1. If we keep just the residues of region 49-61 that are in contact with a helix residue (DSSP H, G or I) (Cβ under 7 Å, 6 or more places away or on another chain) and of a type in the set (A, V, I, L, M, F, W, C), which is most open to solvent (accessible area, probe 1.4 Å)?
2. All but one of (1) touching a residue at least 40 places away in the same chain (Cβ under 8 Å); (2) among the basic types (Lys, Arg); (3) in a helix (DSSP H, G or I) hold for Arg67; state the number of the condition that does not hold.
3. Which number in (1) among the polar types (S, T, N, Q); (2) at pLDDT 90 or above; (3) outside any helix (DSSP H, G or I) marks the one condition that Thr89 misses?
4. Just checking, does region 3-11 include any residue being crowded, with 18+ Cβ neighbours inside 10 Å, among the polar types (S, T, N, Q) and touching a residue at least 24 places away in the same chain (Cβ under 8 Å)?
5. If you check Arg129 against the conditions, is it of a type in the set (D, E, K, R), closer than 16 Å to Ala286 by Cα, touching a Ser or Thr at 6+ places or on another chain (Cβ under 6 Å) and at pLDDT 95 or above?
6. State all residues of region 187-209 that are modelled with pLDDT under 95, assigned to a loop (DSSP other than H, G, I, E, B) and either open to solvent by less than 20 Å² (accessible area, probe 1.4 Å) or more than 18 Å from Leu219 (Cβ to Cβ) (or both); if no residue qualifies, say none.
7. If Phe169 satisfies all but one of (1) over 38 Å from the mean Cα position of the chain (by Cα); (2) under 22 Å from His231 (Cβ atoms), what's the number of the condition it fails?
8. Please count how many residues of region 162-181 are assigned to a loop (DSSP other than H, G, I, E, B) and not aliphatic (A, V, I, L, M).
Amino acid sequence: MTNSLRRLDLNLLVTLDALLAEHNVTRAAERLHLSQPTVSVQLARLREIFGDPLLLPGPRGMRPTARADELREPLRQALEALNQAVAPTRPFDPALADQTWRVAATDYGGSTILLPALAALRAAAPDMRLAMLGLNPPALARQAEQGDVDLAFHISAGAPAALRSRPLFVERYVLAGRKGHPRLKRRPTLAQFCKLDHAIVSADGGGFQGVTDAALARLGMARRVALSVPHFLFLASVLASTEMVALVPSRLVRGNSALQVVEPPLEVAGFEMVMLWHERLHRDPAHQWLRDVIARSV
């Protein structure tokens, strides 16, 4: 099959398709905007390649051979598929979109980026589906390359350099505890802050140290970390129902009436959130639309 394909010119197949439709060299030439001698030469070449006359003279034009009849429908389908493959990309219409996108995010990324965009996405593209997957930073570049992940939300620090990125926002930390917490009626002093019972999110599981502890250590101080949890959303429930406090990203607790929020007594570096995707999807109109809607929603 490979050798046969190497002998073929795509133009020959287009000519054969026209000949099988018209059963006449002159009409086929007119259809192809070619001269009759050119089509006759191409027909001779096709006969040589297929080892068959393909079209025989008849009383009412040319009559296809059995081999030509076998070729007619597969050839038409192949040329149609090829034409669709090389045709210009159609403008993307979200109302007609039915793609399924796989988005990798932590619970924080899902809550602060994907959730605010859901209403706009659903309204504009009701048949589009989203699957939110857990974020696995070490495997993210490979997952994106293999098509297992279409979009990801990640902090800019440590984001895979091999992926395309788009900044979304810069996050800062605030001090949060339950509504009416006696120690959060006003901004605590640094000494008061260190005496509180703190909870911490440990992405790698079970850790009791974070960026806050590093900042305190530089001042020769330490705080009491009583609880380590793996997810921000569980942390919000802990804060609302106990006397513990935590430094949390401000967007996570924005509008949460169950929590009291104040500025922390020390400066803790925030982080930038970015959207990541593979080069294979960079120019895809549907993916471009998805990225734009999400970026406008945060």
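The values are calculated or read from the model by the stated rules, or taken from the named source; none is laboratory data. Computed from a predicted model, the values in this text were never measured in an experiment. Because the Cβ atoms are built from the backbone with ideal geometry, glycine has one as well, and the counts that use them run over all protein chains shown. Only protein heavy atoms, including side chains, enter the accessible area calculation; ligands, DNA and RNA are left aside. Shrake-Rupley method; radii C 1.70, N 1.55, O 1.52, S 1.80 Å.
1. So the first thing to find is which residues in region 49-61 are in contact with a helix residue (DSSP H, G or I) (Cβ under 7 Å, 6 or more places away or on another chain), and the list is 49-50, 52-55.
After this cut, where a residue has to be of a type in the set (A, V, I, L, M, F, W, C) as well, the list is 49-50, 54-55.
Working: Ile49: 26, Phe50: 49, Leu54: 0, Leu55: 1 Å².
The extreme case among them is Phe50.
2. (1)
3. Only one criterion in (1) among the polar types (S, T, N, Q); (2) at pLDDT 90 or above; (3) outside any helix (DSSP H, G or I) is unmet by Thr89, namely (2).
4. no
5. Numbers: of a type in the set (D, E, K, R): yes; closer than 16 Å to Ala286 by Cα: yes; touching a Ser or Thr at 6+ places or on another chain (Cβ under 6 Å): yes; at pLDDT 95 or above: yes.
Here the answer is yes, as Arg129 does meet what is asked.
6. Matches in region 187-209: Ser202, Ala203, Asp204, Gly205, Gly206, Gly207, Phe208.
7. Result: Phe169 passes all but (1).
8. Qualifying residue count for the region: 4.
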